[in-house]
1. Would region 122-130 turn up any residue that is within 18 Å of the chain's Cα centre (by Cα), among the small types (Gly, Ala, Ser) and modelled with pLDDT under 95?
2. Determine whether ASP134 is under 17 Å from PHE163 (Cα atoms), open to solvent by 20 Å² or more (accessible area, probe 1.4 Å) and either without any contact (Cβ under 8 Å) to a residue 12 or more places away in the chain or out of contact with any helix residue (DSSP H, G or I) (no Cβ under 8 Å at 6 or more places or on another chain) (or both).
3. If I ask for residues that are without any contact (Cβ under 8 Å) to a residue 60 or more places away in the chain and within 14 Å of the chain's Cα centre (by Cα), which ones from region 100-121 would you list?
4. For region 137-150, name all the residues that are under 13 Å from the mean Cα position of the chain (by Cα) and surrounded by fewer than 21 Cβ atoms within 10 Å (Cβ to Cβ).
5. Does region 103-111 contain at least one residue that is part of a strand (DSSP E or B), small (Gly, Ala, Ser), touching a helix residue (DSSP H, G or I) at 6+ places or on another chain (Cβ under 8 Å) and over 19 Å from HIS43 (Cβ atoms)?
6. Have a look at SER74, SER122, SER92 and point out the one that is within 28 Å of ARG210 (Cα to Cα) and open to solvent by less than 40 Å² (accessible area, probe 1.4 Å).
7. Please work out which residue is least open to solvent (accessible area, probe 1.4 Å), limiting yourself to region 28-47 and to residues that are among the basic types (Lys, Arg) and within 16 Å of VAL72 (Cα to Cα).
8. Could you grab me the full set of residues in region 19-42 that are farther than 20 Å from GLY97 by Cβ and either touching a Gly at 6+ places or on another chain (Cβ under 7 Å) or assigned to a helix (DSSP H, G or I) (or both)?
Amino acid sequence: MTNAVDDKSVVREYFNATGFDRWRRIYGDGKVNKVQRDIRKGHQQTIDTVMAWLEADGNLKGLSICDAGCGVGSLSIPLAQAGAVVTASDISQKMVGEAHERAIATLLAGPVPSFQASDLESLTGKYHTVICLDVLIHYPQDKAAAMIEHLSSLAESRVILSFAPKTAFYTALKKVGSFFPGPSKTTRAYLHAEKDVVQVLESLGWKIERKAMNKTQFYFSRLIEAVR
């Protein structure tokens with residue numbers, strides 16, 4: 001339990017300090033270095049995939065959606081533009097503030113998502129769809145199942161998750177990366193086996209509907225949609 005608390009504290013502190021400036025740039029449109037540009041491209045692919053899935057269903061307008069771990073609003077804002085009723089949260093108060101500012105600047109005429117600073121475990125409410133992108137990487141394997149179960153309890157019809165897949169290749173890549181200490185280090189990164197994520201979802205009564213894999217040179221994210 002201590003490990004989970006430590007991870008959460010590290011993540012919150014990181015994204016309220018050096019991490020905030022770094023990821024605000026990555027998720028924006030300003031000047032970034034080659035690696036950051038590559039991560040920006042990969043993250044946008046994940047956002048675009050989710051939006052394409054939801055728009056294909058043709059019922060986004062008025063749909064209640066929880067964007068858990070919203071960052072600077074990369075998904076919340078286009079969801080709101082499409083007419084969804086969005087409740088968004090992030091563990092970092094600074095991220096939430098940035099997301100709110102971007103939403104106000106972008107959504108000039110429409111309703112702005114409801115933003116709050118909160119960790120995933122503290123989220124409450126009921127939503128048609130719960131989405132959690134690129135957050136599982138901060139959760140160790142033994143805590144991920146409980147987090148998925150909690151998100152599942154908030155969703156009435158659909159859960160969409162993305163995670164860094166635990167494969168031989170990505171495990172080796174992560175191991176190599178661990179040999180480079182210094183300021184490039186951010187937070188602990190946890191990989192998750194797809195079968196484990198699927199097993200948790202199916203045990204909770206969900207059926208896997210769609211899958212996708214988005215990857216660039218420095219970004220890799222497995223995307224899963226579960227429905228019931």
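The values are calculated or read from the model by the stated rules, or taken from the named source; none is laboratory data. The shown structure was predicted, so the numbers you read here are calculated from the model rather than taken from an experiment. Cβ: placed from backbone, ideal geometry, glycine included. Neighbour counts: every protein chain shown. The area values use the complete protein model at the heavy-atom level, side chains included, leaving out ligands, DNA and RNA. Shrake-Rupley method; radii C 1.70, N 1.55, O 1.52, S 1.80 Å.
1. Yes, region 122-130 contains a residue that is within 18 Å of the chain's Cα centre (by Cα), among the small types (Gly, Ala, Ser) and modelled with pLDDT under 95.
2. It is false that ASP134 is under 17 Å from PHE163 (Cα atoms), open to solvent by 20 Å² or more (accessible area, probe 1.4 Å) and either without any contact (Cβ under 8 Å) to a residue 12 or more places away in the chain or out of contact with any helix residue (DSSP H, G or I) (no Cβ under 8 Å at 6 or more places or on another chain) (or both).
3. Result: SER118, LEU120.
4. The one that is under 13 Å from the mean Cα position of the chain (by Cα) and surrounded by fewer than 21 Cβ atoms within 10 Å (Cβ to Cβ): ILE137.
5. Within region 103-111, not a single residue is part of a strand (DSSP E or B), small (Gly, Ala, Ser), touching a helix residue (DSSP H, G or I) at 6+ places or on another chain (Cβ under 8 Å) and over 19 Å from HIS43 (Cβ atoms).
6. Exactly one residue qualifies, and that residue is SER74.
7. Checking each candidate, the answer is ARG40.
8. If the condition is that a residue be farther than 20 Å from GLY97 by Cβ and either touching a Gly at 6+ places or on another chain (Cβ under 7 Å) or assigned to a helix (DSSP H, G or I) (or both), then LYS34, VAL35, GLN36, ARG37, ASP38, ILE39, ARG40, LYS41, GLY42 are the ones that fit.
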